[in-house]
1. For the protein assembly as shown, what is the charge dipole size about the Cα centre, in debye to the nearest 20, if Lys and Arg each add +1 at the Cβ and Asp and Glu each add -1 at the Cβ?
2. Once phi is turned into ³J(HN,Hα) by the Karplus curve 6.51 cos²θ - 1.76 cosθ + 1.60 with θ = phi - 60°, what whole-Hz value does each residue of the range B:47-53 show in order, with x for glycine and proline?
3. Of the cross-linked pairs A:K48/B:K132; A:K14/B:K208; A:K116/B:K82; A:K14/B:K132; B:K18/B:K167, which ones have a Cα-Cα span greater than 30 Å in the structure shown?
4. Which FRET efficiency value, to the nearest 0.05, is calculated for A:Q51 and A:Y147 with the Förster distance at 25 angstrom and r the Cβ-Cβ distance?
5. What FRET efficiency comes out for the pair B:V78/A:Y96, r = Cβ-Cβ distance, R0 = 25 Å, nearest 0.05?
6. Taking the Cα centre of the range A:1-115 as the origin and placing charges on Cβ (Lys, Arg +1; Asp, Glu -1), which of A:L50, A:L93, A:I62 is farthest toward the positive end of the dipole?
7. Using R₀ = 25 Å, calculate the FRET efficiency as 1/(1 + (r/R₀)^6) where r is the Cβ-Cβ separation of A:L103 and B:D170; round to 0.05.
8. Can you give the extra length, in nm with one decimal, that the chain gains between B:A24 and B:L88 once fully stretched, where that is 0.36 nm per residue apart less the Cα-Cα distance?
Amino acid sequence: MVRARQAGKILNAKDLGVVACTRCAQVWPLGVTTCDRCGHRVYRRDVKSLQRVWALWLMGLICYVPANLYPMLRTRTLLSVQESTIVGGAIDLIEYGSLGVALIILIASVAIPLGKFMAIAFLAISVTRPSTVSKNQRQLLYEVVEYIGRWSMIDIFVVAILSSLVQLNILVAISPGPASLFFALSVIFTMLSAQAFDSRMIWDAHQWREGQTKDE
Amino acid sequence: MTATAHPNPREDLIVCPKCDAAYALVRPGPGERAVCHRCHTVLITPRRKAGMQIIALSVAILVLIVAAAIFPFLSISVGGAKNTVSVLDAALAFSDGPMIVLSLTTAALIIFIPLTRVLLSLYVLVPIVLDKPPARNAAQAFRFAEALRPWSMAEIFAIGCAVALVKISDLADVGFGPAFWLFVCLVVLFVVQDNFLCRWSVWYALGKPAKS
C-alpha cells in the first residue's frame, strides 16, 4: 500500500535544501518566500511561531477563568431564578441522575480545555530543550490536541439550543450567562494557539539532540 | 504567473507538511495511499471517480444546509406552552448586548462556514473534474476552504443537540422537526465528503496549467 518510500534514513526537507508549503505541500528550492501555486507564505521554520503560540495560549487561559466563575445558564421559573456555572450545572445533572450527560459536559468543558492548555505548553517547551518523550508521541499529542480542541465548543452549542428552545413565557425560560462568551473566546484562542504551533519543530528538536546540527 | 521569474518547484519530491520528512515522489494508484513513514500522515489518497462523487455530495450538502437552517428543528411543550425553533434561532440565541458577537460566531460556525466551504469546493472542483482550466483564483479559493476546515462545526452542534435534549427531557416534552433529521444526514455527508477528498490531487490539478 505504502508507496512514498525512500531507502535508509528519512531526511528532513530542511536538510535537503528544499522547503515545502505547509498549506498545499508544493516543494520549492530554498529562498522562495511565497508559494506560487497557492499563494501561501513559505518558510523553513516559523521562528516567531512560539511567541504566537504562547500569546494565544495565555489569552485562552485568561478567558478560561471567568468562564468558570460566572454563570453559564440562567434558568427562570415561576418561583425562582437559578444560575449555574459549568461545573455547577454538571453537578446538578449528576444529582438528577443523568450521569452520562454530566460526564460529556465535564469532559468537553473541563478535562479537554485543561488538558489542552497543558499539552500545548508541554509541546512548546519540548521543542526548545531535549525531551524524554519521543517525537512520534509528541506528534500524536499535537494531532490529538488539534483534533479534539474544537469539541469544547459543544457546551456553547448546548447553551445556544437550550436558551432558544426553552422560552415558555412565564413558565420557564433559560438565558445564556456571561460565562458562555468567555468560554467561547477561550476555545477560539486555544484553537488558534494550537494552529500557530509549527509541528515540524518537533522533528528538528530531535535532530539538535542527536546530531548537534546547528540551526539558524 | 508572477512577473518576476519564480524558481521552478521540485516536482520529484514530496514533503510531509506535518513533520517535514522528504520523499521521492511515487504516485500511488487509485485506491492506494501514500503515507508518511515517520508520522503516518496520509499524503496522497487518490480514488477513482472521486471528483464526481464529491461534487454530487457537495450539491446534496448545499441543499441540506439551506433546508436544515430554515425548517423547524426542535419543538418543546410543557403543559399548554409550546415553542418551536430552527437552527438559525438556536444560533442567534445570544442576542442581547455584547452577546450578539457570540450569536454571530455560533451562526458562522454551524451554518455559514460549512456553507462557504461547500461553495468553494464546488467552485474549485467542477472545472477540474470537467477537464476545463481551473476557475479564476481557484488556488486561493481552495486554500481558504482548507483554512476554514477546523472552524466548520456542524457535527459538534449535532452532539450538542443530543446533550441539550437529555438535559431538558425530564423538564418538558421535546419533539424533532424535519430539520433535525436533515441535520443528521448533513453530518454524515460532511464526514464522507471530507474522506473522499484527496487534497494532494486537487493541488496537483490546480498547479498544472501554471507551468505549461
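1. 1700
2. With the stated coefficients, the range B:47-53 comes to 10, 5, 6, 4, x, 5, 4 Hz.
3. On the way: A:K48/B:K132 41 Å; A:K14/B:K208 25 Å; A:K116/B:K82 40 Å; A:K14/B:K132 36 Å; B:K18/B:K167 40 Å.
With Cα atoms farther than 30 Å apart: A:K48/B:K132; A:K116/B:K82; A:K14/B:K132; B:K18/B:K167.
4. Values: r = 24 Å, r/R0 = 0.97.
That gives a FRET efficiency of 0.55.
5. Details: r = 16 Å, r/R0 = 0.66.
After rounding to 0.05, the efficiency reads 0.90.
6. A:L50
7. Values: r = 17 Å, r/R0 = 0.70.
Efficiency computed from Cβ-Cβ geometry: 0.90.
8. Values: separation 64, 0.36 × 64 = 23.04 nm, distance 4.89 nm.
18.2 nm is the gain from fully extending B:A24 to B:L88.
Every read-out reported here was derived from the displayed coordinates using simple, explicitly stated rules and does not represent laboratory data. Keep in mind the model is a prediction, meaning the values are calculated, not measured. Don't worry about glycine lacking a Cβ; one is built from the backbone with ideal geometry, like all the others, and counts go over all protein chains shown.
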